[in-house]
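Trainee: Sharing a structure, written as structure tokens. Questions coming.
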Amino acid sequence: MKSVISVPLPHQPYNVVIASGVLDELGAGLAEHTPPLIKPSQRLVLVSNPDVFGPYGDRAIVALENAGYTVTPCLLPEGEQHKTLASVQIIYDAALAAGLERGSAMVALGGGVIGDMTGFAAATWLRGIAFVQVPTTLLAMVDASIGGKTGVNHPQGKNLIGAFHQPKQVFIDPQVLHTLPDREFRAGMAEVIKYGVIWDAALFERLEAAERLDDIRHVSADLLQEILTRSCQAKADVVSKDEKEAGLRAILNYGHTIGHAIESLMHYQGVNHGEAVGIGMVAAGEIAVRMGWWEPSAAARQLALLQKTGLPIQIPAGCDTDAIIDALKTDKKVEDGCIRFVLPTQIGVAKVTNEPSPALVREVVAALTAA
């Protein structure tokens with residue numbers, strides 16, 4: 001099975017290629033175009049972390065070298081807590097040592113953290129060079145690898161430092177997900193469910209019909225391909241209409257407003273990004289219900305789907321309500337001092353609004369916080 005999804009941006013269109021075994025075709029995939037996406041004579045820095053590089057690094061390097069590229073690996077520590085300018089400096093050092101030029105490129109082999117940092121390094125090295133996304137987690141495959149958002153965290157907030165920088169190509173190999181820890185698979189499913197709620201009602205219903213979603217071993221190859229394809233298509237549809245989040249693209253932040261606050265307050269420990277987004281979706285859904293914008297039955301369907309996926313649905317006890325409210329004020333989506341939320345109005349439709357009152361947000365956060 002192979003899916004090719006176009007992201008038709010006017011200044012740099014690119015494709016998302018989803019196919020089992022595509023990891024072993026990276027070099028050919030970059031060189032076979034006319035002209036090549038990246039000239040085979042160029043030098044590349046392959047950025048990864050030890051957990052991913054162990055099983056997949058050599059395969060990626062062989063695939064690239066067989067096409068004529070010269071590859072220098074650069075390994076970064078694993079974890080959101082390392083998504084910092086200090087880690088980006090390590091990439092810069094590798095780029096300098098490898099002699100990267102403006103026609104060279106960086107390749108991100110890993111999850112969303114690796115992809116975000118590699119893209120930011122590529123956006124800023126020599127004022128911008130090419131980069132390629134090879135996501136190895138479900139969350140990165142369906143979300144972080146598409147759309148060109150790159151960046152790192154500031155101690156006071158997530159992704160406050162960054163740039164828009166689109167990849168040359170995205171290569172997704174579903175086979176690599178079978179070595180992904182179950183918890184990380186479930187985290188990725190939060191983003192998949194998000195697409196169902198905000199954009200693709202048919203995807204939401206397909207997930208409801210699945211027997212189990214908490215373990216990839218119980219997800220058929222056909223269903224996995226459909227999950228990847230429909231999710232990536234939803235992201236491509238939105239990004240192609242609004243590349244730099246001037247309007248529509250903001251709906252992709254569904255669940256992220258409160259989710260990012262939770263991650264920050266937990267110091268990126270104990271709760272991962274997908275889990276935080278899932279909790280944020282529950283909160284946003286409850287806000288929408290209390291405002292009369294969303295039917296309680298739809299919120300119940302979302303809650304049931306998150307629970308079927310095995311995701312947490314309560315704010316961790318270590319998160320103080322006042323601290324969450326304060327953290328929301330530093331969110332990137334604050335506009336004119338008002339916190340913007342993405343709220344669903346029906347399954348498959350959502351809107352961006354600053355209408356939720358601070359009192360209502362506080363009330364919902366308090367109600368969802370574990371005792």
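Trainee: Mind listing which trypsin sites (Lys or Arg not before Pro) in the range 133-215 are in a DSSP loop and have 15 or fewer other Cβ atoms within 10 Å? Before the final figure, lay out each step's value.
Mentor: Details: sites: K149, K158, K168, R183, R186, K194, R206, R212; in loops: K168, R212.
Sparse-neighbourhood loop trypsin sites (Lys or Arg not before Pro): R212.
Trainee: Same structure, new question: If each residue of separation counts as 0.36 nm, what is the full-extension length gain between N354 and A323 once their alpha-carbon separation is subtracted?
Mentor: Working: separation 31, 0.36 × 31 = 11.16 nm, distance 1.97 nm.
Value of the extension gain: 9.2 nm.
Trainee: Between A370 and D182, what is the label-to-label distance in nm when each label sits 7 Å out along the Cα-to-Cβ direction?
Mentor: It is 1.7 nm.
Trainee: Hey, another quick one. Mind telling me which of H256, H218, H267 comes out most flexible in a GNM of the chain, alpha-carbon contacts under 10 Å?
Mentor: It is H218.
Trainee: Helix-only mean residue ellipticity at 222 nm, the chain, DSSP H runs n ≥ 4 weighted -39,500 (n - 2.57), per residue, nearest 500. What is it? Show your work: numbers first, answer last.
Mentor: Working: 12 runs with 156 residues, N = 371.
Calculated at 222 nm, the ellipticity per residue is -13500 deg cm²/dmol.
Trainee: Additional query: Mind listing the Cα extents of the chain along all three principal axes, in Å, largest one first?
Mentor: Its Cα atoms span 59, 41, 37 Å along the three principal axes.
Trainee: Based only on other Cβ atoms within 10 Å, what is the fewest-to-most ordering of V152, V282, V4, V349?
Mentor: The fewest-first ordering by Cβ neighbours comes to V4, V349, V152, V282.
Trainee: Please sort 74-81, 123-130, 6-13 by packing, taking for each peptide the average over its residues of neighbouring beta carbons within 10 angstrom, highest first.
Mentor: 74-81, 123-130, 6-13
Trainee: Taking 0.36 nm per intervening residue step and subtracting the Cα-Cα distance, what contour gain separates S297 from T330 on full extension?
Mentor: Gain on extension, S297 to T330, equals 8.6 nm.
Trainee: List the lysines whose Cα lies under 23 Å from the Cα of K241, skipping any in the same chain that are fewer than 8 positions away.
Mentor: K149, K168, K194, K332, K333, K351
Trainee: Sticking with the crude label model, points 7 Å out along Cα→Cβ, report the distance from T70 to R127 in nm, one decimal please.
Mentor: Distance between the two pseudo-spin positions: 2.5 nm.
Trainee: Something else: Have a look at S41, S297, S87 and tell me which one the Gaussian network model of the chain (Cα, springs below 10 Å) gives the largest fluctuation.
Mentor: Checking each option, the largest mean-square fluctuation is seen for S297.
Trainee: Just check the range 131-178 against the gyration tensor rule for me: Cα atoms, a ≥ b ≥ c as the square roots of the eigenvalues, rounded for a/c under 1.5, and otherwise prolate or oblate depending on whether a/b exceeds b/c.
Mentor: oblate
Trainee: Given Cα positions, please report Rg to Rh for the range 2-179, the hydrodynamic radius being the Kirkwood one.
Mentor: Taking Rg over the Kirkwood Rh, I get 0.92.
Trainee: Divide the volume of the convex hull of the Cα atoms of the range 191-368 by its number of residues and quote the answer in cubic angstrom per residue. Before the final figure, lay out each step's value.
Mentor: On the way: hull volume 19.7 nm³, N = 178.
In the range 191-368, the Cα convex hull volume per residue is 111 Å³.
Trainee: Which of A28, A299, A144 moves the most in a Gaussian network model of the chain with Cα springs under 10 Å?
Mentor: Its mean-square fluctuation being the largest, the pick is A28.
Trainee: Sort M291, M266, M141 so the one with the fewest other Cβ atoms within 10 Å of its own Cβ comes first.
Mentor: M291, M266, M141
Bear in mind that the values in this text are calculations on the coordinates, not laboratory data. Being a predicted model, the structure only gives us computed values, none of them experimental. Glycine gets a Cβ as well: all are built from the backbone with ideal geometry, and neighbour counts include every protein chain shown.
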